[in-house]
Amino acid sequence: MRRVPLPPFLICAALTLVASCGWSGATDGDGGRAPGAPTGVTAAAGSATTVHVMWNAVADDPGVRTYEVYRGSTKVTEVPGSQHMVDVTRLRPSTVYVFTVRARDSDGRLGPPSREVRARTPVEVAADRSAPTRPLEPAGRAVGSRAVQLSWAASRDDRGVVSYDVYQGGAKIHSVGGNQTATVITGLRPGSHYVFTVRARDAADNLSPASAPVRLATPGSDDGRDTAPTAFTATTHRSAGAYYLDLSWDPPRVDGVITEYQIQLDGAAATSLVWGGDPPRGRARYSFYVGQDAESEHRVRLRARLPDGTWGGFSAERTVTTGAGG
């Protein structure tokens with residue numbers, strides 16, 4: 001069947017949320033603007049029952065709270081606004097799926113869907129307990145100050161490699177199809193050192209051993225300002241004869257999820273804050289013990305361990321005095 005292109009004015013009438021027709025974001029009754037549509041969305045089968053979906057951050061909307069991932073018209077999961085990839089699980093083998101991603105801001109406004117992307121899960125392999133071989137000959141090079149290119153030799157598997165997972169430290173940060181033996185990792189920091197490994201995955205979700213590590217350094221320098229927690233506040237309160245510092249901050253906008261912070265008190269590392277489950281979305285809060293003496297002055301600041309494994313910049317330093325707030 002021959003497809004006849006629509007005139008531009010009909011396209012604009014039918015698709016009122018297309019940027020080329022002059023759309024600048026949906027608004028609600030209070031005049032706020034919803035986030036834009038995520039770009040750079042990709043989907044690749046990770047196994048016979050999983051698909052790895054990735055997308056770019058909605059850069060012009062710092063208030064994105066969550067990203068919602070849809071399979072067809074069904075919402076299948078949502079992740080914090082700092083996370084830009086997810087594994088969609090419990091899928092059927094040998095099936096084509098269509099995915100879109102939408103951003104929701106801190107006021108609850110839901111932006112338009114991204115473009116549709118498709119992925120086919122491979123045929124399920126019964127009783128496959130044999131993992132692929134370790135990816136060999138891993139190599140890499142810096143591509144500018146915020147990206148690296150990685151490559152490796154293909155793994156072998158008796159049923160076939162479905163995907164390769166890239167790890168930075170112990171965290172999975174990227175995934176590509178089984179026919180791909182190179183990729184570019186973005187969202188890194190200038191002047192930083194990284195260690196990457198690669199693992200192969202087959203249709204039965206068997207994972208290979210990790211490749212040899214690839215150690216790379218990005219050129220340039222970074223003052224940490226873009227990775228520091230913002231709107232940092234510190235107060236004190238008294239409870240059961242002791243004083244506590246009450247901290248509050250907005251996490252830095254980075255490509256991934258932040259699960260750990262280091263708190264510095266009076267110029268020295270005081271404690272680490274690690275969330276065992278999902279980190280809080282949006283503004284974070286934490287209280288900790290500082291002693292029983294009133295009128296004690298303390299300087300406090302904190303920094304985040306970023307998804308790329310490095311420490312971000314410190315927040316602004318605050319000075320507080322125990323007992324001053326009651």
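The values are calculated or read from the model by the stated rules, or taken from the named source; none is laboratory data. Because the structure is predicted, anything quoted here is derived from the model rather than measured. So basically every Cβ, Gly included, is an ideal-geometry build from the backbone, and we count neighbours across all protein chains shown.
Miscellaneous remarks
- Candidate set from the range 173-219 (those that are among the hydrophobic types (A, V, I, L, M, F, W, C) and part of a loop (DSSP other than H, G, I, E, B)); member that is farthest from ALA147 (Cα to Cα): ALA204
- ALA154 vs. criteria surrounded by 16 or more Cβ atoms within 10 Å (Cβ to Cβ), hydrophobic (A, V, I, L, M, F, W, C) and not assigned by TED's automatic domain parsing to the domain that holds LEU247: yes
- Scanning the range 236-254 for residues that are in a strand (DSSP E or B) and buried (at least 20 other Cβ atoms within 10 Å of the Cβ) yields THR236, TYR243, LEU245, LEU247, TRP249.
- Of all residues in the range 48-80, those being out of contact with any strand residue (DSSP E or B) (no Cβ under 6 Å at 6 or more places or on another chain), of a type in the set (Gly, Ala, Ser) and modelled with pLDDT under 90 number 3.
- Among residues that are assigned by TED's automatic domain parsing to the domain that holds VAL51, basic (Lys, Arg), buried (at least 19 other Cβ atoms within 10 Å of the Cβ) and under 30 Å from VAL64 (Cβ atoms), ARG115 is not included.
- Selection within the range 99-128 - among the hydroxyl-bearing types (Ser, Thr, Tyr) and within 23 Å of ALA44 (Cβ to Cβ): THR100, SER114, THR121
- Some residue of the range 289-312 being in a loop (DSSP other than H, G, I, E, B), over 24 Å from ALA240 (Cα atoms) and over 26 Å from the mean Cα position of the chain (by Cα): no
- Residues of the range 123-142 satisfying the condition of being of a type in the set (A, V, I, L, M), crowded, with 16+ Cβ neighbours inside 10 Å and either on the phi > 0 side of the Ramachandran plot or part of a loop (DSSP other than H, G, I, E, B) (or both): VAL125, ALA131
- Against the test of being among the hydrophobic types (A, V, I, L, M, F, W, C), at pLDDT 90 or above and farther than 21 Å from VAL86 by Cβ, the options PHE314, PHE288 yield a single qualifying residue, PHE314.
- Enumeration of residues in the range 189-213 that are buried (at least 21 other Cβ atoms within 10 Å of the Cβ) and more than 21 Å from THR133 (Cβ to Cβ): ARG189, TYR194
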